[in-house]
Amino acid sequence: DEIETIAGTGNGLYSGKVTLETQKFGNQYRLIDTTRGRASVCDMKHADNGGCTQLTDADNTWGNGKADDPQTAAVDAAYGAQLTYDYYLKFFGRKGVANNGRGVVSRVHVGDQLENAFWDGKQMNYGDGRGNAHPLVEIDVAAHEMTHGVTQFSVPDDLTYSGESGGLNEATSDIFGTMVEFWAANPNDPGDYEIAERLDLNGNGTPLRYMYNPSLDGVSHGCWSATTKDVDVHYSSGVANHFFFDLAEGTGKTKYGTSPVCGNASGVTGIGRDKAQQIWYRALDVYFTSSTSYVNNASPGNTARAYTLSAAADLYGKCSPEYKAVQRAWTAVNVPG
Ligand code: ASN
Ligand code: ZN
Ligand code: CA
């Protein structure tokens, strides 16, 4: 049969009505996006492992906007992967997670009531959450997971997923997850500096994490301390998430939340998301090593502060306001210079 690429329509759970690139095989359509390196979505049908079934559809209209239709989570997953692919290409010239033009597979309906989504080293995986009725396919989560792939292929031997380097790995995913969410400008899920705010993972309406004031979750570190290296990577990420917020939006009261300064540091005026994301991406792609951390006594230059300053110097110059804002923003989260 002849194979053609064609635009379909999806009705997502969080994303609403969206356009998806699909492929037609005979008289059926598949969620394979040839315009983005054959990125595809398949259905694990609540198994943890084993085969993943290609989703098919007869009329190229996918999902009903509710979790009871198995196609619905696939729509959000396809949309999140498409946004993230386009974001990295548009802002950084990066062609897919491995920068080789290939799209990735997104597996939906992974496990039974799995309250997690994860990058497994090769592909994306999404659980369906409580009662298999709350798939974890929000835009910032999809972009967070895909960014774990970007980090894996950008930093030689990956950013080690423990201690402070693990916190930087997690923060990189929260930072770009959030930048994708802003850039998507989806009216059903507009940009903010909260993570997974639509999923209600805590069951009380609160988001999973807060970039403007990470300690609002009760466990994350928003200010660096000597114990930051000892907490889970999803909590030590707070220091870099807070840094990035301050760099982009500034400290104090902002339209996205109030960001406190740590200790007796001075306030920071934000340089905006466009410049802040360029600085973080260049630091990640050009400078970070597997052991980059917040404070590194063994190798004092191998820090996120030093590398984001190198990136800011490359992009804007060493005496630039952007360079100085990077210095101030790290100091404002108690990371020493
Ligand atoms: N959802 C989690 C994450 O991407 C999975 C994990 O613990 N790695 O961070
Ligand atoms: Zn993560
Ligand atoms: Ca968000």
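The values are calculated or read from the model by the stated rules, or taken from the named source; none is laboratory data. Because the structure is a prediction, the values reported are computed rather than measured. Methodologically, a virtual Cβ is constructed for each residue, glycine included, from the backbone with ideal geometry; neighbour enumeration extends over all protein chains shown.
In this structure, does ARG209 turn out to be within 16 Å of ligand 1 (Cβ to nearest atom), buried (at least 24 other Cβ atoms within 10 Å of the Cβ), of a type in the set (Lys, Arg) and in the same structural domain as THR227 (by TED's automatic domain parsing)? Yes; evaluated as a whole, the condition is true for this residue. Among all positions in the range 33-41, there is no residue which is without any contact (Cβ under 8 Å) to a residue 12 or more places away in the chain and either surrounded by 16 or more Cβ atoms within 10 Å (Cβ to Cβ) or farther than 20 Å from LEU89 by Cβ (or both).
With respect to the conditions (1) within 26 Å of VAL137 (Cβ to Cβ); (2) surrounded by 23 or more Cβ atoms within 10 Å (Cβ to Cβ), LEU247 lacks only one, and its number is (1).
Residues that are of a type in the set (Asp, Glu) and more than 24 Å from GLY191 (Cβ to Cβ) within the range 211-249 comprise ASP230, ASP232, listed in sequence order.
In the range 303-333, of all residues being over 24 Å from THR160 (Cβ atoms) and free of Cβ contacts under 8 Å to residues at least 24 places away in the same chain, the one that is surrounded by the fewest Cβ atoms within 10 Å (Cβ to Cβ) corresponds to CYS319. Screening ARG198 with (1) touching a helix residue (DSSP H, G or I) at 6+ places or on another chain (Cβ under 8 Å); (2) surrounded by fewer than 22 Cβ atoms within 10 Å (Cβ to Cβ) gives one miss only, at (1). Taking the listed residues PHE182, PHE176, the one that is modelled with pLDDT of 95 or more, farther than 16 Å from PHE243 by Cα and within 14 Å of ligand 3 (Cβ to nearest atom) is PHE182, with no other qualifying.
Take the conditions (1) away from ligand 3 (no atom under 16 Å from the Cβ); (2) in contact (Cβ under 8 Å) with a residue 60 or more places away in the chain; (3) part of a helix (DSSP H, G or I); ASN241 misses just one of them, which is (1). For the range 274-293, the criterion of being under 19 Å from LEU315 (Cα atoms), part of a loop (DSSP other than H, G, I, E, B) and modelled with pLDDT of 95 or more is satisfied by at least one residue.
Residues in the range 177-198 that are within 15 Å of ligand 1 (Cβ to nearest atom), assigned to a helix (DSSP H, G or I) and either basic (Lys, Arg) or farther than 13 Å from TYR79 by Cα (or both): GLY177, THR178.
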